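The values are calculated or read from the model by the stated rules, or taken from the named source; none is laboratory data. What you see is a predicted model; the values in this text were computed from it and never measured. Cβ placement follows ideal geometry from the backbone for every residue including glycine, while neighbour counts extend to all protein chains displayed.
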Amino acid sequence: MWWACGLAGAAVLLTGLLGGDDVAAVADRAGPVLAFLVAVTVVAELADAAGVFDAAARLAARAGRGRTWRLWLLVVALGTLATVVLSLDTTAVLLTPVVLALAAQLGLDPLPFAVTTVWLANTASLLLPVSNLTNLIALDTLAGFGVHGTAGFTALSWAPALAGLAGAVLVLGLAHRRRLRGRYGAPPPAPGRDPVLFGTATVVCCLLAPAFVSGLTPAVPAAVAAAVLVAVFAVRRPGVLRPRLLPWRTVVLVSGLFLVVEAAQVHGLEDLLRPLAGSGETFGDLLRLAGTAALTANVADNLPAYLAVEPLAGSASRLLAVLVGVNLGPLVTPWASLATLLWLDRCRARGVAISLPRFALLGLVGVAVCVPAATAALALTR
């Protein structure tokens, strides 16, 4: 898939479908996203090598007190909190290795915990502006509709956010109920760790949390964190610093998607989407718009999808319906959100096989439950 997106992006450039100004606009939008992707992936890889995620998993295992379902509910709470406060991409990068290490230590099936993490990374990202980059982009447009700042955003989003989250937890719990039965034993003894690497990586990961909500462009603290860890590893364990740390395939995929969607936008994508999106603010109208946004996100990633569908909103309620679609809808295809791509990289790095057809099938059920639930809550409280 990554190579197909790369070829499509190259074709857009070589055929002149985008002019110089359009290419510059794509670079301006995609550059910070790609910089964040590279930097935060390096942080996750090096923190994992330092043993941070293994240690966090052991703490979670003790908190679960031997019951698998209790441990799963702990993951639900952690995933929700991390996404709301730190953004969905942070959850995908920092929590996924924790739950995978946890499952490995306790001999549990990793799939329920892994899928729960990525679902919560997407479906819990509607409450605050910092929870999702699409929310931050929407703030200026919402201000034009009379909705200002974090307080105004939350007043509009709280009910859809809670409804969508409840739908996700319900579907996940029912889908994995058999795998979550039973108990688990104590994890094996912790392996020996380099105290300097472990301490540095732990501090770096903890400092990323407030840095991501400080108002800085997320790529900046992620790049600083990556530089610190690379410097320490260069002294202590230089053999870990290899080219495979860089997620170049994901970079190619995301770059290609941005170029293709921008070309489509320039050549009439808005006119194509307008009949699908409709107009009006009844439940049916809002669901139609949210469904259009969700479909576009699963075809072309949620960030370019938001940029494509945003002009079709026209009001604060309809714009939030777009956010419902691009935030809660990316559960079907692995490229539907950057968080899902980051999550898939973490799973593959840990040797956890993800069946994409099964992932898509469960995601279809999730979208069918979460998006209407959130849209109904929006229609009732707007």
Practice task
Could you check, for segment 231-252, whether at least one of its residues is in contact with a Pro (Cβ under 8 Å, 6 or more places away or on another chain), closer than 28 Å to Leu344 by Cβ and part of a helix (DSSP H, G or I)?
Solution key: no
Practice task
Evaluate segment 318-332: report whether one residue or more is at pLDDT below 85 and surrounded by fewer than 24 Cβ atoms within 10 Å (Cβ to Cβ).
Solution key: no
Problem - Number of positions in segment 47-81 that are touching a residue at least 24 places away in the same chain (Cβ under 8 Å), over 20 Å from the mean Cα position of the chain (by Cα) and within 15 Å of Pro97 (Cα to Cα) - result: 11
Handout entry: Output for segment 167-200, where each listed residue is in contact with a Gly (Cβ under 8 Å, 6 or more places away or on another chain), closer than 20 Å to Pro238 by Cα and among the aliphatic types (A, V, I, L, M)
Key = Leu197
Practice task
Mind listing whichever residues of segment 341-359 are of a type in the set (Lys, Arg) and part of a helix (DSSP H, G or I)?
Solution key: Arg346, Arg348, Arg358
Practice task
Output the residues belonging to segment 264-310 that are in a helix (DSSP H, G or I), over 19 Å from the mean Cα position of the chain (by Cα), at pLDDT below 85 and not aliphatic (A, V, I, L, M).
Solution key: Gln265, Glu270, Asp271, Arg274, Pro275
Handout entry: Members of segment 252-311 found to be on the phi > 0 side of the Ramachandran plot and touching a residue at least 24 places away in the same chain (Cβ under 8 Å), listed by number
Key = Asp301
Practice task
For residues that are among the β-branched types (Val, Ile, Thr) and surrounded by fewer than 24 Cβ atoms within 10 Å (Cβ to Cβ), scanning just segment 336-370, find the one that is nearest to Leu46 (Cα to Cα).
Solution key: Val352
Exercise for the section: Check whether at least one residue in segment 92-115 is among the hydrophobic types (A, V, I, L, M, F, W, C), closer than 24 Å to Leu364 by Cβ, in a helix (DSSP H, G or I) and out of contact with any helix residue (DSSP H, G or I) (no Cβ under 8 Å at 6 or more places or on another chain), and report yes or no. Expected result: yes
Completion exercise
Subset of segment 343-369, residues under 17 Å from the mean Cα position of the chain (by Cα), closer than 25 Å to Arg249 by Cα and of a type outside the set (A, V, I, L, M, F, W, C), comes to Asp345, Arg346, Arg348, Gly363
Practice task
Note down all Cβ pairs under 7 Å where the first residue falls in segment 148-168 and is farther than 17 Å from Gly325 by Cβ, the second is outside any helix (DSSP H, G or I), and they're at least six residues apart or on different chains.
Solution key: Thr150/Leu128; Thr154/Leu127; Thr154/Leu128; Trp158/Leu127
Completion exercise
Ser125 vs (1) in a loop (DSSP other than H, G, I, E, B); (2) free of Cβ contacts under 8 Å to residues at least 12 places away in the same chain: all pass except (2)
Fill in the blank from the handout: Filter segment 1-28 for residues that are under 16 Å from Leu303 (Cα atoms) and surrounded by fewer than 16 Cβ atoms within 10 Å (Cβ to Cβ); the one that is modelled with the highest pLDDT is Ala27
Problem - Tally of residues being assigned to a helix (DSSP H, G or I) and either surrounded by fewer than 20 Cβ atoms within 10 Å (Cβ to Cβ) or among the small types (Gly, Ala, Ser) (or both) across segment 130-162 - result: 20
